[in-house]
Protein chains: 2
Amino acid sequence: MERGKRKTPARPGASAKRTKVSTTAGTESTEERIKEAARKLFTQKGFAATRTRDIANEAGINLALLNYYFRSKQKLFDLVMMENFRKFLHGMTINFQDKSLTMENRLEKIVTAYIDFLTEFPDLPLFILNEIRGNPSRIADKVKKEIGPARSQFFKELKQSKKEGKIALDPFHFVANLVGLTVFPFVARPLLQRVTEVGDEQFNELMQERKKLVPIWLKMMMMPAGG
Amino acid sequence: MERGKRKTPARPGASAKRTKVSTTAGTESTEERIKEAARKLFTQKGFAATRTRDIANEAGINLALLNYYFRSKQKLFDLVMMENFRKFLHGMTINFQDKSLTMENRLEKIVTAYIDFLTEFPDLPLFILNEIRGNPSRIADKVKKEIGPARSQFFKELKQSKKEGKIALDPFHFVANLVGLTVFPFVARPLLQRVTEVGDEQFNELMQERKKLVPIWLKMMMMPAGG
DNA sequence: GAAATTTTTAATCAAATGATTAAAAATCTT
DNA sequence: AAGATTTTTAATCATTTGATTAAAAATTTC
C-alpha cells in the first residue's frame, strides 16, 4: 500500500458475522478491556498526560490493538469522555423530576444519590471540569441534550416558587450552592483533608453526614430571611 | 564537547555583574517574560498539554532561551506552580488572622477578598486542584508551611466556639462550605452559566451578591439549629 | 478439515517535542 | 575602542509517542 494512503481497516462488527459476545464473568471482551483501561487513565490524568502505551499496558494488550479497535487516541477519548459526561449529568439530574415529593424530600434524594455517586466515581467531577474548560463549545449541545428537559422543568418550579414568595433566591445561587456543597468536598478532597487533618474513614463519615446537612442548609438558604 | 556530557551553562546572575534591571514600564526582562508566558499557559492547560515551543512563542523569544534561563520545562513549571500555590493559599488565609473583628465581619472580609482574588485569577483554582491530585505529597509541606499558622489559630477558635455552644458544626464542614461556596462557582463557571442560562455580566453581578450572601449563609449554617 | 475471516503481535515509521550546541549579536568592562 | 562576558539565535539531536504495516495466530465458515 502506498505511503500516506489510508486503508479502511476491518473493524470488528463491520463486516463480521461474529455474534457471540463473551458474557463470562471476569472475561471481558478485548474492546471493553481497552475502553475500561482508557477510562481509568484518561479520567485520572487527562487526555494530554495519558500515553496510548499506558492504556495498552493497563489493558494487557498490544498497542496496535488500540488503533485497530478505536482508530485513534482522540476517538477513544471522545468515546470515554462522552460516556463519563452522560453518567455525570445523569447522576446529577435523575432525581430532579420526581414531582410526587416535597421540595425538601426531593433535595434529600438528590443529594443522597449524588454523594453515593461521587463516592463511587470520585475522579469524575475534576475530569469533567477540565474537559469543559478545555473545550466549552463541544460540551454545549451535550448539556442541552442531557439535562435540557430536567433543567427546564426544575427551573420552572424554582421561578414559580420565587413568585409565590417561598424562595427569595436567584436560581443560579441555588444551583451553585446545591452542586458546590455536594461536589466540592470531593473535588478538593486532598486539600481539605490536609487542612482539616481528617483521615479517610472520617472523610467518608462526614460525607454521610452531609446527606442530611446539605438539604437542611439549602432549605435555610432559600428562606427570604437569607436573601 | 562530548555527547551526553552536560556543561554547566552560564546562568544569568550566576557570575554576571549585571546590576541594572530594566524597570521601564512595559519592558520586562526576558526571564520575566518567559515566566509570565509559562504561567499563563501552564495555568490554562496544565503541564502535559503545554509545549515549550508555545511558551517561547507566547513570550516572543527563541526556544533555546527557555532552557538557558530555566534549565528545563519541569524546573520552569515547578517555579510557576509554587508561586501560584503560594498566591492561592495566601489569598485564602490572609484574613483569617485578624482577631479584632467579630466572626461575622471576618467572614465577610475573607469572602470578599477571595471573590475579588478569584475574579482576577479565575484559572488558578482548577490548576491547583489538578496539581494536588497529580502530586499530593509534594503539596503537603507547602500547605503546612504556608497556612500552618493561620490554620491552627483559626481552628483553635472554631473548636473553642464549638465548646461554648456558639457553633454546632464540625470544622471540616465549615471549611468545606466556606471554600466550596466561594470557589466552586468559579471552578464550574462554564457549566453553571450554561445550565442556568446566565451571561458573563450577570455572572459577575451574582458574584458580587455572593460577597454578602455567603457570610450570611455560613453564619446560618453554624447555628445549632442547622447542625 | 481447508479456506476465509478476524484478531493479535512485533517491528517500524513519522511527527512532535524537550533539549543541546556552536556561532552570532549584544552588552559590559576597562 | 578592544577584549571579555552575556544574551540570543538557527540548526540539530535524541527521545517519546501516536500510528501503521505485514505477518502470525486464532476463529469462523463452509
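For segment B:85-97, indicate whether the set of residues that are within 14 Å of chain A (Cβ to nearest Cβ), within 16 Å of DNA strand D (Cβ to nearest atom) and not hydroxyl-bearing (Ser, Thr, Tyr) is non-empty. The answer is no, given that none of the residues of segment B:85-97 is within 14 Å of chain A (Cβ to nearest Cβ), within 16 Å of DNA strand D (Cβ to nearest atom) and not hydroxyl-bearing (Ser, Thr, Tyr). Of all positions in segment B:152-172, at least one carries a residue that is within 11 Å of chain A (Cβ to nearest Cβ), modelled with pLDDT under 80 and within 21 Å of the chain's Cα centre (by Cα).
What do you reckon, is A:Leu76 more than 14 Å from chain B (Cβ to nearest Cβ) and within 16 Å of DNA strand D (Cβ to nearest atom)? Even if it seems obvious, please write down each step before you answer.
On the way: more than 14 Å from chain B (Cβ to nearest Cβ): yes; within 16 Å of DNA strand D (Cβ to nearest atom): yes.
Yes: the conditions hold for A:Leu76.
A count restricted to segment A:29-47 and to residues that are among the hydroxyl-bearing types (Ser, Thr, Tyr) and buried (at least 19 other Cβ atoms within 10 Å of the Cβ) stands at 1.
Would you mind stating whether A:Thr182 is within 30 Å of B:Asn135 (Cα to Cα), modelled with pLDDT of 95 or more and crowded, with 19+ Cβ neighbours inside 10 Å? Spelling it out, A:Thr182 is indeed within 30 Å of B:Asn135 (Cα to Cα), modelled with pLDDT of 95 or more and crowded, with 19+ Cβ neighbours inside 10 Å.
Being hydrophobic (A, V, I, L, M, F, W, C), under 22 Å from A:Lys45 (Cα atoms) and either surrounded by fewer than 20 Cβ atoms within 10 Å (Cβ to Cβ) or free of Cβ contacts under 8 Å to residues at least 24 places away in the same chain (or both) is the filter here; which residues of segment B:110-132 pass it?
Here is the first cut: in segment B:110-132, the residues hydrophobic (A, V, I, L, M, F, W, C) are B:110-111, B:113, B:115, B:117-118, B:121, B:124, B:126-129, B:132.
Applying the additional criterion that residues be under 22 Å from A:Lys45 (Cα atoms) yields B:124, B:126-129, B:132.
Correct list: B:Ile132 only.
Checking each residue of segment B:48-58 against the condition of being closer than 22 Å to B:Val187 by Cα and surrounded by fewer than 19 Cβ atoms within 10 Å (Cβ to Cβ) gives at least one match.
Do we have any residue at all in segment A:189-201 that's of a type in the set (S, T, N, Q), surrounded by fewer than 20 Cβ atoms within 10 Å (Cβ to Cβ), more than 27 Å from B:Leu206 (Cα to Cα) and under 22 Å from the mean Cα position of the chain (by Cα)? Among the residues of segment A:189-201, not one is of a type in the set (S, T, N, Q), surrounded by fewer than 20 Cβ atoms within 10 Å (Cβ to Cβ), more than 27 Å from B:Leu206 (Cα to Cα) and under 22 Å from the mean Cα position of the chain (by Cα), which makes the answer no. Only residues that are at pLDDT below 75 and exposed (fewer than 13 other Cβ atoms within 10 Å of the Cβ) were counted in segment B:65-105, giving 3. The residue pairs whose first member lies in segment A:34-56 and is away from DNA strand C (no atom under 14 Å from the Cβ), whose second member is among the β-branched types (Val, Ile, Thr) and outside any loop (DSSP other than H, G, I, E, B), and whose beta carbons are closer than 6 Å, counting only pairs six or more residues apart or on different chains, are A:Ala38/A:Ile55; A:Ala38/A:Val80; A:Arg39/A:Val80; A:Leu41/A:Ile55; A:Phe42/A:Val80.
Tell me, please, whether a residue that is in a loop (DSSP other than H, G, I, E, B) and modelled with pLDDT under 80 can be found in segment A:127-135. Yes.
The values are calculated or read from the model by the stated rules, or taken from the named source; none is laboratory data. Just so it is clear, the structure is predicted and the values come from calculations on it, not from any experiment. Note: ideal-geometry Cβ built from the backbone for every residue, glycine included; neighbour counts use all protein chains shown.
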